[in-house]
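What follows draws every value from the coordinates through simple rules; no lab data is involved. This structure is a prediction, so every number in the text was calculated from the model and none was measured. Because the Cβ atoms are built from the backbone with ideal geometry, glycine has one as well, and the counts that use them run over all protein chains shown.
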Amino acid sequence: MEVAEDEQLVRCPVCLRELPGAHINSHLDSCLQGGEDEVEPGPSTTCKRQRFTAAPSGSQVEGEPEEAGQATGSSFLHKGRGGGQSPGAPSRKSWTGREEAAAVKPEDGGSAGSGPAPRRTLAQKLEEKPLAERLRPSALGDYVGQERVLGAQTLLRSLLESHEIPSLILWGPPGCGKTTLAHIIANSSRKNGTWFVTLSATSARTTDIRDVISQAQNEKKLFKRKTILFIDEIHRFNKSQQDTFLPHVERGTLTLIGATTENPSFQVNAALLSRCRVIVLEKLSVEAIEAILMRAVRSLGVQILGQGDQHSSSATGSSSESSELPVYIEEKALKTLPYLCDGDARTGLNGLQLAVQARLAMGKTTPLNIPKGGSTDGILITEEDVKEGLQQSHILYDRAGEEQYNCISALHHSLRGSDENASLYWLGRMLEGGEDPLYVARRLVRFASEDIGLADPLALTQAVAAYQGCHFIGMPECEVILAQCVVYFARAPKSIEVYRAYNKVKECLRMHTGPLPPVPLHLRNAPTTLMENLGKGCKYNPAYKEPVEQDFLPEELKGTDFFKE
Ligand SMILES: Nc1ncnc2c1ncn2[C@@H]1O[C@H](COP(=O)(O)OP(=O)(O)OP(=O)(O)O)[C@@H](O)[C@H]1O
């Protein structure tokens with residue numbers, strides 16, 4: 001088609017093609033409906049796919065109408081794979097549709113299309129997509145726990161229900177539902193016509209941020225469409241990157257939702273923070289995780305075997321075609337698992353997934369006595385399997401409890417004992433167990449002064465650099481930074497001279513009775529002439545070639561030596 005030379009070209013925010021301004025609206029209508037581009041018939045690829053691939057490299061776009069997301073089926077926030085839902089079909093779940101959403105049916109797979117699709121086995125389902133992603137709720141009704149901030153009558157809930165999304169910082173420990181909440185907001189706002197885009201602070205560059213901002217400006221200017229930008233791990237953006245979106249949040253060009261596991265008052269720049277509402281999410285309760293696991297078990301079609309039901313030892317089982325057999329899980333296993341995952345739903349779901357997969361791979365059947373069903377052969381997932389699954393996915397390590405202190409203490413002792421192997425081992429136990437690398441790094445900063453001290457003053461530099469390195473790149477990349485620091489410390493000479501001396505200073509202050517001795521006049525700050533005259537006795541050391549006789553301690557502490565053993 002011909003384009004008048006003087007006609008201004010406008011970029012379609014969906015497929016990013018440049019078009020004459022006069023045609024943009026009709027083009028957009030057809031583009032959003034996934035039809036062929038009527039202005040300039042293009043290649044067979046649909047507009048949606050083009051838009052998806054045209055997004056900045058560090059970003060994922062969620063802004064198209066619902067059908068678009070399903071058609072691409074691969075967005076960051078892992079919408080359904082289209083499993084059975086044709087493009088353009090209405091969403092299965094409503095925004096607050098607890099009833100619709102809560103009724104989780106076992107997936108039989110392949111209900112899409114006209115003819116009956118081949119039935120997927122449980123093992124195939126689990127291989128396709130991690131259970132945690134498969135079960136990520138899309139509606140607020142499925143979101144478990146976090147009653148304090150999201151319960152009925154809370155401000156956030158009413159804002160979400162009225163689609164008034166303010167800029168938010170979601171702060172909470174891993175696996176408590178920050179990304180999931182953003183995913184729910186994405187689903188809801190998409191229905192509202194809002195463009196929702198996601199950036200991960202671990203991979204996005206400043207140019208990606210700028211691209212999103214310029215597109216958000218277009219959306220606002222041309223289509224009066226709002227943009228919500230979700231930034232996962234926002235604390236990994238440095239100050240200047242955070243500064244980039246500040247004016248745009250201020251002007252309302254975009255609404256920012258940031259997720260962080262770190263205290264935002266330290267990690268998010270103050271100006272940005274003051275324009276966002278901070279939502280503090282907590283570790284999920286045992287009951288909440290139990291509910292999430294129950295939902296998972298139901299969705300997989302695994303049946304629960306109560307305590308009273310009998311089964312003989314799985315050791316007597318025989319190999320069989322596992323995919324055809326019913327799969328059971330001990331009720332006990334489902335009760336134990338939530339206690340072991342420290343409020344982290346992802347850990348619980350991964351543990352369950354690995355347990356099921358391991359059992360299916362083994363293919364061992366167990367003779368079972370099922371109430372009403374008589375005796376049958378089936379695959380049984382036991383409490384041990386679940387613990388084993390958790391061990392594999394997430395080395396058993398209680399981040400909040402005693403185990404954390406035991407492991408950090410073991411690391412500290414091993415470093416002090418200059419045992420580099422043990423030091424690395426305890427570091428690995430913590431990191432592989434999901435410990436926050438910054439927690440370990442902070443302990444190392446302390447160790448650098450407490451145990452190495454002036455025997456190697458560079459140790460402190462190493463530790464602070466390791467802390468910053470961990471902060472910049474996060475796990476898993478930062479593990480080697482900590483490993484390097486730990487080995488350096490294990491090999492370093494040790495000195496507790498400063499640590500001891502300072503302890504003696506503290507003791508001296510604690511034991512002091514009566515008023516503390518005044519600061520000698522000659523050592524005092526002398527901002528006035530009077531003070532200068534009073535303190536005249538002070539000898540300025542650099543002015544003397546020979547050693548200077550002068551007291552710096554208060555009179556009554558004269559001669560005290562904090563360094564003496
Ligand atoms: N409140 C919740 N209700 C239901 N499911 C949840 C909830 N929280 C987490 N989950 C489940 O756990 C998985 C991981 O949660 P999510 O990705 O939201 O955690 P996160 O807080 O963003 O963690 P991280 O900081 O590690 O990214 C989700 O895919 C979902 O299946």
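Counting neighbouring Cβ atoms within 10 Å and putting the fewest first, the residues CYS538, CYS508, CYS470 line up as CYS508, CYS538, CYS470.
Please work out the FRET efficiency for the pair LEU155 and ALA543, using the Cβ-Cβ distance as r and a Förster radius of 51 Å; give the result to the nearest 0.05.
That pair, LEU155 with ALA543, gives E of 0.20.
Legend: ranking of residues ASP451, ASP561 from fewest to most surrounding C-beta atoms inside 10 Å; resulting order ASP561, ASP451.
Sequence-distant contacts, meaning Cα pairs under 8 Å at least 6 residues apart, place the relative contact order of the range 402-495 at 37 percent.
Under a 5 Å amide H cut-off, with hydrogens placed 1.01 Å from N, LEU19 pairs with VAL10, ARG11, CYS12 among residues at least 5 apart or on other chains. Ordering ASP232, ASP436, ASP243 by the number of other Cβ atoms within 10 Å of each residue's own Cβ, fewest first, gives ASP243, ASP436, ASP232. Modelled label positions at MET294 and ASN503, each set 7 Å beyond Cα in the direction of Cβ, lie 5.2 nm from each other. Counting only Cβ charges, +1 for Lys and Arg and -1 for Asp and Glu, the dipole size of the range 162-262 around its Cα centre is about 380 debye. Ranking SER423, PRO493, TYR439 by how far each Cα lies toward the positive end of the dipole of the range 402-495 (charges on Cβ) leaves PRO493 at the top. Computed from backbone phi with θ = phi - 60° and the Karplus coefficients 6.51, -1.76 and 1.60, the 3J(HN,Hα) list for the range 250-267 is 4, 7, x, 5, 9, 9, 9, 10, x, 10, 8, 9, 9, 4, x, 5, 9, 9 Hz; x is used for glycine and proline.
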